[in-house]
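I have placed the structure first, in the form of structure tokens, so that the comments after it can refer back to it.
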Amino acid sequence: MIFGLHVPRPGPPGWLAILVLCLMTMDVRADLWRTGYYPGWEQAGMPAATIDFTALTHLVHFSVVPNTDGSLNDSANRLVPANSADVVARAHTAGVKVLVCVGGSDSEAGFQGAASPGNLPAFINNITNFISARGYDGVDLDWEALPVTDAAEYTNLVIALHAALRGMAQPKLLTAAVSAYPVYGDPPAAEYQMFAGLQNCFDQINIMTYDFSGPYQGWVTWFNSPIYDGGFHFPSSSGLVPSVDGAVGNFLTYGMAPGRLGIGIAFYGYVWTGGTGVSSTSLTQPRQGWTTAPITATYPYTGLMTAFYQTNSYHWDATAQAAYLSLTNANPESNAFVSYDDARTCQAKVSYARNHSLGGVMMWELAGDHTPNQPDPLLQAVKLALATPGPTNILPRGNDISLTFTSISLGIYQVQWSSNLASGFWTPLLTTNVTGLGGALQIIDFGARSNQPGRFYRIQTPP
């Protein structure tokens, strides 16, 4: 988060009162959208009544499936009327927008038929009728997979659906979940150019920045959803390993406005087991090659914590900005590398989105970290990260300036100052890592009021 306050040099009586007034009128807002996916099949185990809607701005009810004739299947993922009514009513009471997702994994064939020229008008009409009848605030498109051969149909669908939604008595939202990287074999730029051209039709474009690794030929053990690649290349090629930053950079390079983009937070992880690493080592770390391929399995966050978490196995990879477990057991066959998003990852992704002027973050999916009658740790981490550093108390202390703000456990904060906002130049004052439980953090700018120009301060949260 970045914000600024001007602290003048000592002056006549009354200058402090002006400063205090400025502080009182300043408001640090939760400046990112927070879109959570909520599958209909999860509603039995995680009723809508248990969702902390204060952590969200948007909820995507997942999903209705397009049939090839343009009709919609609401039973495949249990988006039956009763489930829709429950979540829509509770979200609206909390001031949260609810969108229905159309599509999902392996929905390509259905979309190809539904969005064909002969079926497209009926398909659009079925979607708008569905959201009107169920009370949704918009539509989230999730056409998977989306190869370049589908680009023309996808483009026609987006343009027509956007027009139909905006033309409703109460205009509706249009968002999309999109792949981080093009379908294998497609031209590298195809996806990014298409979405850049369509961006004005969307209220949000959320990049599915996860599922970044697997036991594929020529690969290495790698994280499910790292923020950075750290400059690491596949040993078998010159290509960089995938990352949030790499995907975002590709979209921006081809003309996407950063404020249209959101990045994904995974409420699940990958467990790598078996296989034989180079020199007959076990695969328990990131960036390891293998001679015998391992296998991978996905677990929700709660399942990972129950089945695999051990305090002494936890690691934070500062280069990739990613959490992992390295499990070494007496029986080598039980060794494992576990990649997942934890609370610290959630905080880092919120910071990344803020510092790169992105529109927001999205979470797949809300039940992944839910245990009945307990707080949802990852969702609460996102909520807390958005609430900090919060309003900052700035007070003179003799010739010094004291800045106090709310911090979060394991958060990293850099305090910067400038005497001229127009210059765009900020001088780092101090970078601090909160290793404890968080809470109030005080920073002193020594000598700031002694024969120096007035200062503006801002707090930035890396990465």
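Which one is modelled with the lowest pLDDT among residues in the range 433-463 that are within 24 Å of the chain's Cα centre (by Cα) and surrounded by 14 or more Cβ atoms within 10 Å (Cβ to Cβ)?
VAL434
Name, by its number, the condition in (1) in contact with a helix residue (DSSP H, G or I) (Cβ under 6 Å, 6 or more places away or on another chain); (2) not assigned by TED's automatic domain parsing to the domain that holds ASP211 that does not hold for GLY255.
With respect to (1) in contact with a helix residue (DSSP H, G or I) (Cβ under 6 Å, 6 or more places away or on another chain); (2) not assigned by TED's automatic domain parsing to the domain that holds ASP211, GLY255 is out only on (2).
In the range 160-173, is there at least one residue being farther than 19 Å from GLY70 by Cα, part of a loop (DSSP other than H, G, I, E, B), of a type outside the set (Phe, Trp, Tyr) and touching a residue at least 40 places away in the same chain (Cβ under 8 Å)? Working first, answer last.
Initial filter on the range 160-173 (farther than 19 Å from GLY70 by Cα): 166-173.
Narrowing further to those that are part of a loop (DSSP other than H, G, I, E, B): 167-172.
From the residues that got through so far, the ones that are of a type outside the set (Phe, Trp, Tyr) too are 167-172.
Those still in the list that are touching a residue at least 40 places away in the same chain (Cβ under 8 Å) too: 168, 172.
Yes, that holds for at least one residue.
Against the definition (farther than 26 Å from ASN119 by Cβ and free of Cβ contacts under 8 Å to residues at least 60 places away in the same chain), how does THR209 come out, yes or no?
Details: farther than 26 Å from ASN119 by Cβ: yes; free of Cβ contacts under 8 Å to residues at least 60 places away in the same chain: yes.
Yes.
Inside the range 250-304, counting only strands (runs of 3 or more DSSP E) that do not spill past its ends, which hold 2 or more residues that are among the polar types (S, T, N, Q)?
By residue number, 290-292, 295-300.
Residue under question is ALA145, and the condition is that it be surrounded by 19 or more Cβ atoms within 10 Å (Cβ to Cβ) and within 23 Å of the chain's Cα centre (by Cα); does it hold?
Working: surrounded by 19 or more Cβ atoms within 10 Å (Cβ to Cβ): no; within 23 Å of the chain's Cα centre (by Cα): yes.
It is false that ALA145 is surrounded by 19 or more Cβ atoms within 10 Å (Cβ to Cβ) and within 23 Å of the chain's Cα centre (by Cα).
Could you figure out which of (1) in the same structural domain as THR209 (by TED's automatic domain parsing); (2) closer than 27 Å to ASP445 by Cα; (3) more than 24 Å from the chain's Cα centre (by Cα) isn't true of ASN355?
(3)
Got a sec? Which of ALA322, ALA318, ALA297, ALA293 is buried (at least 22 other Cβ atoms within 10 Å of the Cβ) and over 23 Å from THR50 (Cβ atoms)?
Being buried (at least 22 other Cβ atoms within 10 Å of the Cβ) and over 23 Å from THR50 (Cβ atoms) holds for just one of ALA322, ALA318, ALA297, ALA293, which is ALA322.
Scanning for something assigned by TED's automatic domain parsing to the domain that holds VAL64, surrounded by 14 or more Cβ atoms within 10 Å (Cβ to Cβ), on the phi > 0 side of the Ramachandran plot and not small (Gly, Ala, Ser), does the range 79-95 turn up at least one residue?
Within the range 79-95 (the criterion being assigned by TED's automatic domain parsing to the domain that holds VAL64, surrounded by 14 or more Cβ atoms within 10 Å (Cβ to Cβ), on the phi > 0 side of the Ramachandran plot and not small (Gly, Ala, Ser)), the answer is no, since none of the residues qualifies.
Scan the range 50-66 and give yes if some residue there is in the same structural domain as GLY103 (by TED's automatic domain parsing), hydroxyl-bearing (Ser, Thr, Tyr), touching a helix residue (DSSP H, G or I) at 6+ places or on another chain (Cβ under 9 Å) and farther than 21 Å from ALA94 by Cβ, otherwise no. Steps first, please.
Restricting attention to the range 50-66, the residues satisfying the condition of being in the same structural domain as GLY103 (by TED's automatic domain parsing) are 50-66.
Among the residues that remain, those that are also hydroxyl-bearing (Ser, Thr, Tyr) are: 50, 54, 57, 63.
From what's left, touching a helix residue (DSSP H, G or I) at 6+ places or on another chain (Cβ under 9 Å): 54, 63.
When the remaining residues are screened for being farther than 21 Å from ALA94 by Cβ, the result is 63.
Scanning the range 50-66 turns up at least one residue that is in the same structural domain as GLY103 (by TED's automatic domain parsing), hydroxyl-bearing (Ser, Thr, Tyr), touching a helix residue (DSSP H, G or I) at 6+ places or on another chain (Cβ under 9 Å) and farther than 21 Å from ALA94 by Cβ.
Give me the residue from the range 191-214 that is part of a loop (DSSP other than H, G, I, E, B) and among the aromatic types (Phe, Trp, Tyr) and, out of that set, farthest from PRO242 (Cα to Cα).
Here is the first cut: in the range 191-214, the ones part of a loop (DSSP other than H, G, I, E, B) are 202-203, 209-214.
Now drop any that are not among the aromatic types (Phe, Trp, Tyr), which leaves 202, 210, 212.
Details: PHE202: 25, TYR210: 9, PHE212: 6 Å.
Of everything passing the filter in the range 191-214, PHE202 is farthest from PRO242 (Cα to Cα).
Residues checked against (1) within 17 Å of ALA177 (Cα to Cα); (2) out of contact with any Asp or Glu (no Cβ under 6 Å at 6 or more places or on another chain); (3) modelled with pLDDT under 95:
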position	(1), (2), (3)
SER63	yes, yes, no
ASP69	no, yes, no
VAL80	no, yes, no
ASP86	no, yes, no
VAL98	yes, no, no
SER105	yes, no, no
ALA115	no, no, no
PRO121	no, yes, no
ALA133	no, yes, no
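Taking the conditions exactly as written (within 27 Å of the chain's Cα centre (by Cα), modelled with pLDDT of 95 or more and farther than 21 Å from THR35 by Cα), does THR296 satisfy them or not?
Values: within 27 Å of the chain's Cα centre (by Cα): yes; modelled with pLDDT of 95 or more: yes; farther than 21 Å from THR35 by Cα: yes.
Criteria met by THR296.
The values are calculated or read from the model by the stated rules, or taken from the named source; none is laboratory data. None of the values given here were measured: they were computed from a predicted structure. As a convention, Cβ positions derive from the backbone with ideal geometry for all residues, glycine included, and neighbour counts pool all protein chains shown.
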